[in-house]
Amino acid sequence: MGRVTDLAAFSALLTDEGQLLLAALRDYDPSQELAVASRLRRDHPAELVTAAIGQARLRQRAVAKFGAEDAYRMYFTPNGVEQSTRASVGAYRAARFKELGVRGVADLCCGIGGDAIALARAGIRVLAVDRDPLTAGAARANAEALGLADLIEVRCEDVTEVDTSGYDAVFVDPARRGGRGRVFDPEAYSPPLSWAVGTALGAPHAALKIAPGIPHETVPPEAEAEWISDGGDVKEAVLWFGTRPGAVTATLLPGPHTLDGRGLPNPPVREVGRFLYEPDGAVIRAHLVAEVAEELGGGLLDETIAYITADELRPTPYATAYEITDRIPFNVKKLKSLMREREVGHLTVKKRGSAVEPEELRRKLKPKGPNAATVFLTRVAGAPTMLIGRPA
């Protein structure tokens, strides 16, 4: 379907008839799509029914990011659902802007408006810009649907031509997907990272959303680099300008819990202690494992692997603790015998530094029984090892 046709179909969803269809489809079962579509086409144009069913599917997918209350009032594109910021992350970022005293943000590459919504809900005036007419239309409809149109102005323009001088902060979320999937070179973002950095340096405050796998050496010296996870999943990295140049942080949501880097050397490798700590992904991406190891009084199992071992149990939001009961050299037969002996039917397999796939190991072990265990496939001082334990 061409973009003009897409836009016409989307506009039809905003009519009274389109709204009635969307309301009727709120709880529809995708497995019954053919029957539902056939029934609705008796009373509504086929093109409108197709558009409404497509939007209903997108809303169901968006619940995980935006919650049901918002998702079922909002409008999405397929890329918009995939690439938009999770509401919890957007709210955290908006709070940071608010703490900086920001009152107006130019949201460039706004997508369907997830960040603009979070900013407006924090009381911040937003100029939301996207060059795609359908995406900009969705952002505008979302501002209306959520009662935020007074704070969000949406423009369909090329962001590189927008005058942001009337705003005291800039937020840029460049497209990191091309025709062949994810783009890993920051200069292949759309617009390129270099353009976004130049724009950021021209504003009192700025935040650039980037892929969490960005090499640390590409972070500009003027920026604070922050890696963010939500519920244990790494969601993004952000380059902040006008805050703390050179700072490196890991922020964990909910919370927030923010760990500041102190430039510590790598922790020492030591013998396996009673406890194993698995650092949060944001901590690992931010290269702050040493800071967590120091907090825990621990060291590494292996110099190349981000598992921390320690003798004491110390609560921390930055790592998950496991009590280790067994350490054996990598041996599937021995592990299978041990799991059978202990009647382990609920088996969690984690790996770091091992070529074995967890699902492959589970198939070989055929766990059965009422008990639970966690197996870590890793290396200890270079040697392939299996550590068996349970959440502490």
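The values are calculated or read from the model by the stated rules, or taken from the named source; none is laboratory data. Worth saying up front: this structure is predicted, and the values here are computed from it rather than measured. Please note: Cβ atoms are built from the backbone with ideal geometry, for glycine as well, and neighbour counts cover all protein chains shown. Side chains included, ligands, DNA and RNA excluded: accessible areas come from the protein's heavy atoms. Shrake-Rupley method; radii C 1.70, N 1.55, O 1.52, S 1.80 Å.
Look at the dipole of the chain built from charges on Cβ: of 143, 296, 275, the Cα furthest out on the positive end belongs to 275. Put simply, the amide H of residue 319, placed in the peptide plane, has neighbours under 5 Å in 280, leaving out anything fewer than 5 places away on its chain. Relative to the dominant Cα principal axis of the chain, helix 46-71 is inclined by about 50°.
Each residue of the range 83-98 is assigned a 3J(HN,Hα), and the resulting list reads 9, 5, 6, 4, 4, 5, 6, x, 5, 4, 5, 4, 5, 5, 4, 4 Hz, derived from the Karplus form 6.51 cos²θ - 1.76 cosθ + 1.60 (θ = phi - 60°), x at Gly and Pro. Accessible area per residue for the range 232-296 is 44 Å², calculated with a 1.4 Å probe on protein heavy atoms, without ligands, DNA or RNA.
Sequence-ordered 3J(HN,Hα) estimates for the range 109-121 from the Karplus curve with 6.51, -1.76 and 1.60 and θ = phi - 60° stand at 6, 6, x, 7, x, x, 6, 4, 4, 4, 5, 5, 5 Hz, glycine and proline given as x. Most fluctuating residue of 206, 37, 118 in a GNM of the chain with Cα springs under 10 Å: which is it? Judging by the Gaussian network model, the answer is 37. Compactness of the chain was expressed as the Cα radius of gyration divided by 2.2 N^0.38 Å, which yields 1.16. Summarising the overall dimensions of the range 1-141 from its C-alpha atoms, the Rg and Dmax are 16.3, 55 angstrom. Computed over the chain with a Gaussian network model linking Cα atoms closer than 10 Å, the most mobile of 344, 89, 289 is 344.
In straight-distance terms, cross-link reach from residue 364 covers every one of the lysines whose alpha-carbon lies under 17 Å from its own, apart from those fewer than eight places away in the same chain; here that gives 333, 334, 336, 350, 351.
Taking all Cα pairs closer than 8 Å and separated by 6 or more residues, the relative contact order of the range 320-392 comes to 45 percent. Working note: Debye formula, equal point scatterers on the alpha-carbon atoms of the range 1-63, no solvent; log10 I(q)/I(0) at q = 0.29 Å⁻¹ is -1.36. Straight-distance candidates among the lysines for linking to residue 98, with alpha-carbon spacing under 28 Å and chain neighbours fewer than 8 residues away dropped: 65, 209, 235. Below 8 Å between Cα atoms, with a sequence gap of 6+, how large is the relative contact order for the range 122-270 in percent? The normalised contact order for the range 122-270 reaches 15 percent.
Heavy-atom accessible area with a 1.4 Å probe sorts 351, 334, 209, 65, largest first, into 334, 351, 65, 209. Overall, the range 196-279 carries a charge dipole of about 140 debye about its Cα centre when +1 sits on the Cβ of Lys and Arg and -1 on the Cβ of Asp and Glu, all other atoms neutral. Counting only Cβ charges, +1 for Lys and Arg and -1 for Asp and Glu, the dipole size of the chain around its Cα centre is about 1740 debye.
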